[in-house]
Every structure is written in structure tokens, then in C-alpha cells.
Amino acid sequence: MSNRATIPIGPYHPLQEEPEFWKLIVEGEKVVDVDVRIGYNHRGIEKISEAKSFDQSIFIVERICGICSSSHPIACCEAIEDISGIEVPERARYIRTITQELERLHSHLLWLGLAGHFIGYNTVFMWAWKYREPICDIMETVTGNRQNYGMHKVGGVRRDIEREHVSYILTRMDEVLKQLDMLKGAVLDDPVLHARLKGVGVLTREAAVDYAALGPTARASGVDIDARRDHPYAAYGDVRFNVITQKEGDVFAKTVVRILEMFESASIIRQCLDSMREGPIDSNPKEIPPGEGIGVIEAPRGECFHYVKCDGTNSPVRHKIRAPTYMNFPTFRETVIGETVSDATIIMAAIDPCYCCTERMIVVDGDDKELLKAQDLIRLSQEKTARIKERFNRA
Amino acid sequence: MTADILIEKVHGRFGDRILKTEKRSAKRVYVDIYPKDIVDVTRFLFKDLGLRFNIASGVDDFDGLEILYHFSCDPSNFVVTVRALIKDKENPHIDTITTVTRAAWWIEREIHELFGVEFDGNRDLRPLLLPDDWPKGVYPLRKNFIVPKRDSRKT
Amino acid sequence: MGLKETILSKSIYLFHVSSGSCNNCDIEIIDCLTPRFDLERFGIVLVGSIKHADAMVCTGSANRLSVPLIKKLYEMMPKPGFVIVWGACGSSRGLFKDSYNTTAPLDEIIPVDAYIPGCPPKPEAVIAAIVKLKEKIRCGASLKLKPEAPSPGDFRRGTRKEAR
């Protein structure tokens, strides 16, 4: 226990736009223990939902997380529809798929930008977020808003995709895809990034299964799960796509999975726009009978799970929400112990944590002295990249 | 393995320790058990059959506190929900399943602080979400905890 | 117009604080600094420490755990400093007013100088608010701004749809 020191990060920290309180217990440069306190985002949504009607719940559930603003409502609608097998019209299923894949695209681009910023590639940050804007414009055209779409309802969707918007969507997607090719080459072929991210923060396959990790975090460790393929919902049963997996489980593998998934998303959107036929977008269910329902969908960070219990009234008796980061976050402890302090930030970012989805905080019970301030950690991460760059330039 | 085969295997392994199984659809199976059997059932589903632990949810019902453990069978597209009803609401106890899977680590802490359920064998039941000065014995997700509606004009 | 007001209005350094938000507003803050909206042309920079900040931008619905921290951060902010509340959650708790873990609108916890309503507010609304704040600082006043109704030209043509 000699020379142990605690580094508190947070709750308000330039690395993360969400508040959380971390404590890394270090010996020298190596992390030996970690604890996180969450709860700074806990808004008691499950309790609020019990006092609202099913229609109102969808709007609240949308605001669980800004990035998964289409995933949670679809999962909630699927859970309510599962109670009594409410049918969703075909066109509505395709529109749900399109909004879901557009969200996956913008979420992965957002992640790519933030990850670039954490390791000192600010150009990647600016370009990834700049090329996120066409996706936000498409969302505004389709749903009426850049975030918080208000698009989904039990039994269908609220708004249709007009015929004249289809060519607009395809033009702007092409714009994004060209840049995705460029970003893919820039990121995946860069020897500095290989040296910086390979072998860092490895999550083994056994640990991923034991912690029930989800999404790209699990797929990067070789666990082949994807709710779009395993539990098909919306129109995923009618489109063809690949599930991207890697074996190494390190930060680089997680980056590769996310970048390649973006191309799959673009392909799914094109297939949906080609196959969508005219028809109703809402089956207008009149009542929800007593029962229980489960909705399982694949959000950008992993599988999102909603359980709804109804007693025949217009409000849920119980609404359980489980976001993917809830299962992925405990794997951070597994991956960061033994790594250096300068890698802690990128390892954390590689899970793509969405604290507001998780509504959690972890408290570290350390009473050791503060070694490094919050800004020092991001500086350490960027300095490590600069050192590796210099090594490559000299060689 | 389909939902029907799973129900057969569960009955074959546990016999009359299972209170009820219900196949609501090809994708949804509900199994009712006694709370004392939860660790054995979890071990069977997670380790022997290779299902993935999804999450656990607590429900405050009239006859007691129900804890539902949801498991997914990804290759065959169905979700199994194991329901354990704890009749004693004053002093609810159930065994921890963290000995079988670490994935239940956080959810047991959450159910402990929001419903008041004791997970026997789990030594880390620190609060996860609520502030430290939250009064003891007050469980927000129980039905007897009513959030007063506040008028935004007056606060 | 004094020297203090001139200097402050030239370049406002922002420190971002989330008191329990859904992260939508937080992403839009960072989005405003990216090439498309580019708040940096107004001299706005996001800083990493409250001690370097001229204005504190608060999002979120004042979660119980966050309240003492928000107060502490406000005290640590060097004065004169401004507080901008970003989004519906900070202005009035928004959708989360009936929760057991949200406390009060932010203006009952710390004094607030500007509100940007919306869920989330669009970047164009934010740019309008920052420009208004600069004008107010230049005039030496620090008072609560009432949100105005948007004019028809504010909406992009052809993309505004009515809900069914």
C-alpha cells in the first residue's frame, strides 16, 4: 500500500460534458483501483413515468439521454406494444429504422470527435463534429428537430418522410460518406494511433461475458451480439447488414468497430429508403390491456431494455429502464487497473459512457492526498500522444 | 434452443421447485420461482445454458415485492423473465446472484436503495444513485412513497 | 461605458456546469464551438476551470447531489461573473418537475443573468442570447432577460412540420 495517492476527477471536468465523480487510486504511474460516484444525473424518471400516461412517458423517456433520443422512445414503444401484440404498420417500421440508424451515425461521429479530443487530435474533433451537422440537418428535415425528435408513438410514428425529402437525405448522406472515408483512412492507418491505442484497456472476452457488456464494447472483445440481428425489431428483419466484431478488446478495436458500423448504418438507411412503400404510419391503438411487456433495441452504445407493467389504466404500474452504459460501465474497472494514468481517460471514453442514461455515480472511498488536478489528466493524455508522434517522426 | 425447449429443460432440472412457467409468445417466457431458489436457477440459466443476464427489476405489488430477473437468449431471439415474489415487505431478503455473475453488481445496489431489499451475501450494498443524506428507510420506488406534485409557479 | 464592461463584453470565457441534465444541452454547447456555428468568432471560449471563467453556463434540473456543488462553483467564480441558464430544465425543471430528486429552478439557487429556453435550445437561439448578453454587459446592466417569441424568419423554410 506504499505511495498510494488518489486522483479525483470531477464532478465538473473538461473531459466529460456530464458530471460524475471519479477517483483513481494510483501507485506511481499505474492505476491500482478505481471507483466512480454517479447519481448526479439521477432524475427519478422511473417514478415520474408511473404518474404519467403512456403517451407522456414517451416524451420523458426521450430526454433520458440526448444522444439516444430515438432509442429509448422506440424501446418504450416496443415494450408497450409487446403487452398485447399491437401491430405497427410497415412504413412506420421503416421510418423507425431510418431514425435509429441516423442516430447511430451521429452518435458514433460524436464519439469519434470526443475521442480525438482526448488524445490530442483536435482536428479530428472539429471535423467529426462538422460532419455530424448534415446528419442533424437530415434529422431536422425528417422529424422537425435536431435532437429530441418527438417522432415515435405507441403503434407507429408521428410524422411521415415526404417524397421530396428522400433525395435531400441521400444527397447529404453522400456528403457525409465521403468524409467518413477520409476519417476512416486518417484514423485507422495512422501509425501514431496504432501505437497509442493498441493494447490499451483490454477487455477480455470472458470478462465481457461475465459483466454482460453490450454494444461496441462487447463486440470489440469478440462477443457477437447485436439486438438488431438477434431480436429483430422495426424493419431490421428486412434489411441486410453486417455485425462488426473484433477480437482484441482494446481501445483501437472499439474505434474500428464504431467506424465500420457507420458504413453499415448508411447502407441500412439506403435500403430502407429504397424498399419503403406507401401506407399508413400509425395503427392508432385505443387502449392498453393489463399485462407486461419488454422492449429490446440496439442503441448506439448497446442494447437498451425497457420493461413496462400495465394494470389496464392509462399509466404504467412499473416502468424499468436499463440503458446500455449501465452494463458497460463496470467493465471500466476491469480495463483500467494496471494501466497508466495518462491512458485512463481514453479507456473511459472508449466505453462511450452516457452517464445520463446510466444515472449513476460512483464514490471512491479514498482519503488520500490529491496529486493531480483535473486538467492535468487530459494534458497527460495529449502529451503521451505527442511523445509517440515524435518517436515516429524521428524514425 | 427455442422457448419450448428451454421450458422443458427448466422443468426437467428443477421439477416442482418451479411455481409456474408461461410462454406468452415465441419471444417471451415468464418463470415463477421461490426466492430461495434464485441462485440455482441463475446458475443454470447463465452458466449451463449460456443465456445473457439482462437486468433485474423490482416491482412493488400488493402481495409483496417482486424481483424480476431478465435473461436473453440471443441466438434464438427470446427473453426469459424469472420472477421471485418476496412476501415480507417489512424485511425483504433474497440471496445475491453476484456469486454467479458480476453483471448484477450495480443493479443489486440500486434495488437495495430504491426498494429496500437486502441481498444476502452481497457485502457492497452502498448507495449508488441517491444522495448520502437521503433518509434511511425511505424507498422512493415503493408505492407508499408519493411524490407531491409541485406547482412551478410557487415551487 | 467603463473599462470593466468593455473588456468583459469583448470576450466571454464560459465554464460549463451540468446539474443533472440529459446531455442534449451539453452537446449543443460544444456543438456551438465547432466549425458550423463557431462561437469563437465572438470571442467565446470554453475554459476548464471556474477560476478562469467570466460566465457560468448551467444546464440541468438541479439534482440533489449537484446543488451544493453549484453553489460552491458560483462562489469560486471571480466576480463580476454572469450566470447563463441553458435549457428548460434549468429555467423551470422542465419535464422533471415532479421528481423526488430534482429540487428547484436554478434561479432559486444562484442568481441568474440570462435564460435560454428550449429543450434543447437551437444553436441559433444560443448565438442570439450570447449577442444579447454582450450588449447588456456593454450597457453596464446585469438583469434577467425575458425570452422573446421567435420571429417567422427564425425557422428554416420548409423544415418546420406540425405534429399530428
Next item on the list: Would you mind stating whether residue A:187 is assigned to a helix (DSSP H, G or I), over 23 Å from the mean Cα position of the chain (by Cα), more than 14 Å from every other protein chain (Cβ to nearest Cβ) and within 21 Å of residue A:259 (Cβ to Cβ)?
Entry: no
Check: Out of curiosity, is residue B:127 modelled with pLDDT under 90, part of a loop (DSSP other than H, G, I, E, B), at the interface with chain A (Cβ under 10 Å from one of its Cβ atoms) and over 20 Å from residue A:317 (Cα atoms)?
Finding: yes
Checklist line | Residue match in the range B:66-79 (condition: at pLDDT 90 or above and more than 13 Å from chain A (Cβ to nearest Cβ)) | finding: no
Checklist line | Residue in the range B:87-102 that is within 21 Å of residue A:292 (Cβ to Cβ), basic (Lys, Arg) and more than 12 Å from the chain's Cα centre (by Cα) present | finding: yes
Checklist line | Filtered residue count, the range C:71-104, keeping only those that are within 14 Å of the chain's Cα centre (by Cα) and either at the interface with another protein chain (Cβ under 7 Å from one of its Cβ atoms) or among the β-branched types (Val, Ile, Thr) (or both) | finding: 4
Notebook entry, point to check: Can you name every residue in the range A:185-218 that is over 30 Å from residue A:323 (Cα atoms) and without any contact (Cβ under 8 Å) to a residue 24 or more places away in the chain?
Noted result: A:185, A:189, A:190
Item checked: Among the candidates B:48, B:61, B:32, B:88, residue that is at the interface with chain A (Cβ under 10 Å from one of its Cβ atoms) and of a type outside the set (Gly, Ala, Ser) -> B:61
Next item on the list: Residue by residue through the range A:103-136, note down the ones that are over 18 Å from residue A:342 (Cβ atoms) and either outside any helix (DSSP H, G or I) or acidic (Asp, Glu) (or both).
Entry: A:103, A:131, A:132, A:133
Item checked: Hits in the range B:113-124 - residues which are more than 11 Å from chain A (Cβ to nearest Cβ) and assigned to a loop (DSSP other than H, G, I, E, B) -> B:116, B:117, B:121, B:122, B:123
Check: Do any residues in the range A:142-155 that are on the phi > 0 side of the Ramachandran plot and facing another protein chain (nearest Cβ under 7 Å) have Cβ atoms under 8 Å from those of residues that are buried (at least 22 other Cβ atoms within 10 Å of the Cβ) and in a loop (DSSP other than H, G, I, E, B), where the two are at least six apart or on different chains, and which pairs are they?
Finding: A:148/A:63; A:148/A:66; A:148/A:69; A:148/C:120
Checklist line | Qualifying position, being within 30 Å of residue B:30 (Cα to Cα) and at pLDDT 90 or above, among A:96, A:91 | finding: A:96
Checklist line | Pairs where the first residue, in the range B:135-150, is in contact (Cβ under 8 Å) with a residue 12 or more places away in the chain and the second is in a loop (DSSP other than H, G, I, E, B) and not hydrophobic (A, V, I, L, M, F, W, C), C-beta under 6 Å, 6+ apart | finding: B:139/B:116; B:140/C:100
Note to self: Residues that are more than 19 Å from residue A:295 (Cα to Cα), at the interface with chain C (Cβ under 9 Å from one of its Cβ atoms) and either surrounded by fewer than 24 Cβ atoms within 10 Å (Cβ to Cβ) or in contact (Cβ under 8 Å) with a residue 12 or more places away in the chain (or both): does the range A:69-76 have at least one?
What the structure shows: no
Margin query: Quick check on my filter: what residues within the range A:315-339 are of a type in the set (Ser, Thr, Tyr) and without any contact (Cβ under 8 Å) to a residue 60 or more places away in the chain?
Written below: A:325, A:326
Next item on the list: For the range C:109-122, state whether one or more residues are touching an Asp or Glu at 6+ places or on another chain (Cβ under 6 Å), under 22 Å from residue A:49 (Cβ atoms) and modelled with pLDDT of 85 or more.
Entry: yes
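The values are calculated or read from the model by the stated rules, or taken from the named source; none is laboratory data. Computed from a prediction, not measured in an experiment: that's the story for all the values here. In this analysis, Cβ positions are derived from the backbone assuming ideal geometry, glycine residues included, and neighbour counts consider all displayed protein chains.
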